[in-house]
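Read the structure below first, then the notes.
Nothing in this text is a laboratory measurement; each read-out follows from the coordinates by a stated rule. All of these numbers come straight from a predicted model, not from anything done at the bench. Neighbour counts run over all protein chains shown; Cβ positions are idealised from the backbone, glycine included.
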Amino acid sequence: MSQPTPLRARAEAEASRFPPLLARAEQLAGTVMLGEHGRRRAGPGDDFWQYRPVQPGDSTRMIDWRRSARGDAHFVREREWQIAQSVMMWVDQSASMRFRSNDGLMEKSERARLLGLAVAILLIRGGERVGLTGTELPPRCGQEQVLRLADLFARPGDADFGEPEARAMIPYARAVFISDFMGPLDPVEVALAKAADRGVRGVLLQVLDPAEEAFPFKGRTIFESIGGTMAHETLKAGDLKDRYLERLAQRKAALSDMCHATGWQHHCHHTDQAAQSALLWLWRALDRGPSGGAGA
Amino acid sequence: MMIGPIGFAAPWLLVGLIALPILWLILRAVPPAPIRRRFPGVALLLGLRDEDSVSDRTPWWLLLLRALAVAAVIVGLAGPVLNPDREGNANAGDLLVVLDGSWAGAAAWPARADAIDRLLAEAGRNGRRAAILRLTQPKPVQFQSSEALRARLEGFAPLAWEPRAAFMAEAAAQLGEASFDTVWFSDGLALEGREALLTRLESRGTVRVVEQAGPVLALGPATLEGAELTVKALRSRAGPAQKVTIAAQGRDPAGNPAVLATVPAVFAEGAMEAGASLSLPAELRARITRFELSQARSAGSVSLSDDNLRRREVALIGGRDDRESLDVLSPLHFLRKALQPSADLIEGALMDVLPANPDVIILADIATLAPSEAASLQDWVSKGGMLLRFAGPRLAASETGRGADEPLMPVRLRAGGRTLGGAMSWGAPKKLAPFPEDSPFYGLPIPDEVTVASQVMAQPDPTLADRVIAQLSDGTPLVTRKRVDQGQVVLFHVTGNAEWSNLPLSGLFVSMLERLAVSSLVGRPAPEDLEGTSWQPLTMLDATGRVRDASNLPGVDGAALVAAPLGPNLRPGLYEGKQRILARNVIGVDRSLQPAAWPARIRVEGLTRPAETPLGGYLLALAILLLAADAVATLALSGRLTAARAGRVAGVLALAIIDMPGLPRAQEVPPAPAEQRSATDDTAAIAATRELVLAHILTGDRKLDDMAQAGLLGLSDTLFFRTSVEPSAPVGVDLERDEIAFYPLLYWPVTPEQPLPSAEAYAKLNRYLRAGGMILFDTRDADVARFGAASPNGRMLQRLAKALDIPPLEPLPADHVLTRTFYLLQDFPGRHNSRDVWVEAAPPDTEQVEGMPFRNLNDGVTPVVIGGNDWAAAWATDDRGNPLYPVGRGFAGERQRELAMRFGVNLVMHVLTGNYKSDQVHVPALLDRLGQ
């Protein structure tokens, strides 16, 4: 009975944060129709796949008597093979994600969480196991996991720029990294390399604010990072625009190269675009990934 | 300091404008403050260097905006004034202001006074002394401090006359020796002797003339031609066509000043005069006191009217005219004909016309007057009336004027009179002798054919010679006159008709009446006529045309009054003489206005000039606006002005503008007190008239009122179920407050405790009864009392009904229409079963026709039904239709209740259908029903 009130209050506050994110994520996820995700072969699973004649070696318990009673032969009912995949997610919670250039836009972190949670919901609906990278939340299936994910997504991070967690990767699992990738690229590269070593394939979704893409600044300006750890003063911000855009393009190119080398996929999403398109891309990329990888 | 039309109060401040370029340089050099921005992309910026070490400059247009704002502040503080007054500072000598000071400038005097005030103020600022010379009343010129003169400026207001040449000469003589500059404020009229004065002034210094634009308007005197008044408007300059309005002012019958008539006068293009004529009833015309030009306010635009416009009121009193004679034989006929064109005639009895205070009373052959009549007449004569008597047979036969000198007879008469040239006399009819010089008729030509056949003769007397004003050729008096105090008595020794002489047939007769001032005096008197008379001013006009009391002014000589020009000693106004009132107007009969002509060398300016307008405030406001624009522009430049902020700023600015004082603001109208009373009245009225509603009078006894309500409810239900009358819920009405006209039937239970209605309520009830309403009075005591004052309720009913308009009553007859309007009834029971039910009595002359079951009674609905059967109790039901009160016993009781209901139905049917069932058309059906 120690300090129930703060605990309760915090719980309420946490809980109050869930529904909007969760609801929007559910809503977003609802726009994607599931399909083409079965294994298309008989195996352990719940859905009917086919009846086949009894073969020697099948135990009599496996005979589907209802079907067999219609004819002289005995049949065994086979189900479609359904195997759950593990998908590990990393959604950047760092300070740099908490930025929006005007009131009409979402913060980058908000969009990132929304997309992350939405894709998690879709995956869990599809029977996959979803967790976070690292050891905090191992992949599990079921609706409970959605709530846990939403809880963890709602916790802001302290760092100015985020670094992907690459420990405890499950071999041959799938991974989703969502961030603005504005921080140093080395940790990203290390993480991708580790993942590739373990046969993990995945996607990098880069979420950017339109202002970061356009750099609409002029005049004497002091730029500060959101966490306040970095600052840069310029007398003519307008003059920096071209060089900034050049660097941004280089960074995107570097990310794409890394992905290409490791078999990952890279996509850049802006917060002024519809979240649905990014979700669709994510879903497609995840769906395509393993089979494409298997094929390759 | 002047730049174009703009002057500066503090020109040295303009030096500050030099600082503007410096400001420009400073603003250019100082970069705008850095903006702090949170930006995640800063990581990509690290290590980037600025190519150009100079920061962004403030854009040139923003600099220009700021420079303009500062310039506006500097110029605004320097006190710029548009059209500053800078006349007359050229010289530093003394300043003489010459004013025409005539009536012509009265209308524009306020503007002129302003101009003079400005001039003097300017002169005061420049330390010049000044003097004012008003030509209508020249005084020696004394230069003094301009400020002191400004305070006395009102003392130089225009006067009601024009400067004469004599005044000009006098002014010129009083100029003194000093040299000075002159500003001459001219009224725009040509003046005699102006040239000489102008030359004198020019010899002392420069002369500038200020003259008002536009013509001077004036109004000539009104003249009466026949019944038409002609008025002439004048203007000093021929110009485009112009329309002016002439108003005839006077007193209305209550004695209040009023405009009696207005008439437009139109100056044709290039014309200097505009005539207008108006035709007014003599009564109205006599009340006109003056004519005014509505467009101009000056003494010249006012024309006072005097006796010239008045028509004399003449009372004609003839003797008893008891014979059926021709008009031409009437003693008054010729008088009437002679006076009608020029005088207002009154005819009637003497005592009737005296209160009208006529100017002249003519007694035609009236010999004797009642003592009271004589006294009143004498009183009237002594107050200035003129009594004109004509002789005749009655006067000749009477004893009037025989003995003593009678006050109402100019001479003593000899008995009888004489007849000349008749069949029984020797002499021929006499002709008139030429009029003596002291006679009012002097100079009138005497036609040869005028002869006198009969006359009354004057008794020779020492005073006779003085009193004769016309005589016959033999020296006998024909007309005699005697003055009585202020009035006079004149006697024509002949008749007013042609019986005794043919004088009344001649033109001479009319002329003589005119001379006697019996008919109006037309035309103005000549100066020589008024020689030696003295006239007392009654009222005078000031320069603006207002009428002032003039009783403190000395009298003027008659000749001067007519001939002398106006001046301080002869002001325009009304002058009263012995017998008449003369008006002296500014504009004479043959006056025309001439515009002032100035030599070409004189500078003539208009009176109006552009007003001084300080511009400093506008410039400072402009500076503030520029600075506000600068603030917005700076925000926008530095990227701090987002759309949301811009909206907010715009809102704040709009608020600031709206809040600025001086902008009209919607008045906050306090919500009108809701007239709830009338609203509820209306809803009640609508509810009462949408459906038929039965009503009962509220007696104040709660239980009784409830019972009445329940009874009417039961009756309403019964009507609803059995007939096509479908009443809605009954109501109780308060006689004092509620309108009762909506209800066809009022049930009035009588209780001794109820208050008597007020007088208004009784008026309402009577109105209701007369308009066809019916009241059912129920004393509810038929079990113990009969109709009459036997019971308390009966006595109360008598008191209640005393003030009501109730016709004679009779017990309900067996053939009354109430017995068959719906049901056929013989009894009318309620809770009690008494036959004592009274209704309006049938007319006494109706008789039952043999073989008919009822009389032919087709008139109206009985306004009251009076009984004591306590019907409401029998009708009363609760909401579910159960009877509330017991009636009788057993089946008999139920039958009685049913009959009570039927009576109620019949009653309502009677109210609603009147005597429909009384029509004989229904006889066969009724007979059939009755089984006969």
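Data overview
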| quantity | calculated |
| --- | --- |
| Loop-located trypsin sites (Lys or Arg not before Pro) in segment B:381-413, at most 12 other Cβ atoms within 10 Å (DSSP) | B:K383 |
| Amide H contacts of B:L133 (H built 1.01 Å from N, under 5 Å, at least 5 apart or other chain) | B:V97, B:V98, B:L99 |
| Computed over chain B: relative contact order in percent, which uses C-alpha pairs under 8 Å that are six or more apart | 9 |
| Estimated distance in nm for a label pair at A:I222 and B:T245, the labels positioned 7 Å out from Cα along Cα-to-Cβ | 7.9 |
| Label-point gap, in nm, between A:Y172 and B:R603 - each point 7 angstrom along Cα→Cβ | 11.6 |
| Efficiency of FRET from Cβ geometry, A:R70 and B:R38, R₀ 56 Å, rounded to 0.05 | 0.15 |
| Relative counts (whole %) of C-alpha pair distances in chain B, using bins that are 20 Å wide | 10, 19, 14, 19, 24, 12, 2, 0, 0 |
| Kyte-Doolittle at least -0.5, axis length at least 27 Å by Cα - qualifying DSSP helices, chain B | B:616-637, B:702-722, B:890-913 |
| Calculated FRET efficiency for the pair B:R548/B:A465, C-beta based, R₀ 41 Å, to 0.05 | 0.30 |
| Spacing of the two label points (7 Å from each Cα toward its C-beta) at A:A261 and B:T368, in nm | 16.2 |
| Relative contact order of segment A:104-152, pairs being alpha-carbon contacts under 8 Å that are 6 or more residues apart, as % | 29 |
| Sparse-neighbour loop sites [GluC sites (Glu not before Pro); segment B:747-846; at most 15 other C-beta within 10 Å; DSSP] | B:E753 |
| Amide H partners (placed H, <5 Å) of A:L208, local residues excluded | A:H269, A:H270, A:T271 |
| For B:V81, residues with placed amide H under 5 Å, excluding near neighbours | B:G7, B:F8, B:A9, B:L615 |
| Set of lysines near B:K430 by C-alpha distance (under 29 Å), chain-local residues within fewer than 8 positions excluded | B:K337, B:K482 |
| Prolate/oblate/rounded call for segment B:170-293, Cα gyration tensor, a/c under 1.5 rounded | prolate |
| Charge sum, other residues only, whose C-beta stays under 15 Å from B:A271's C-beta, Lys/Arg counted +1 and Asp/Glu -1 | +2 |
| Extension gain from B:D50 to B:E576, taking 0.36 nm per residue of separation minus the Cα-Cα distance | 178.6 nm |
| Length-normalised contact order of segment A:196-236 in % [C-alpha pairs under 8 Å, at least 6 apart] | 29 |
| Test item: Cα-centred dipole of segment B:679-930, Lys/Arg +1 and Asp/Glu -1 on Cβ, debye | 440 |
| Gained length - B:R418 relative to B:E192, 0.36 nm times residue gap less alpha-carbon distance | 74.7 nm |
| Residues of type lysines that A:K252 reaches as a straight line, Cα spacing below 26 Å, ignoring anything fewer than 8 places off in the same chain | A:K108, A:K194, A:K218, A:K236, A:K241 |
| For segment B:314-515, alpha-carbon Rg and Dmax in angstrom | 15.9, 48 |
| Sites B:N357 and B:A428 - FRET efficiency at Förster radius 45 Å, r taken between beta-carbons, to 0.05 | 0.55 |
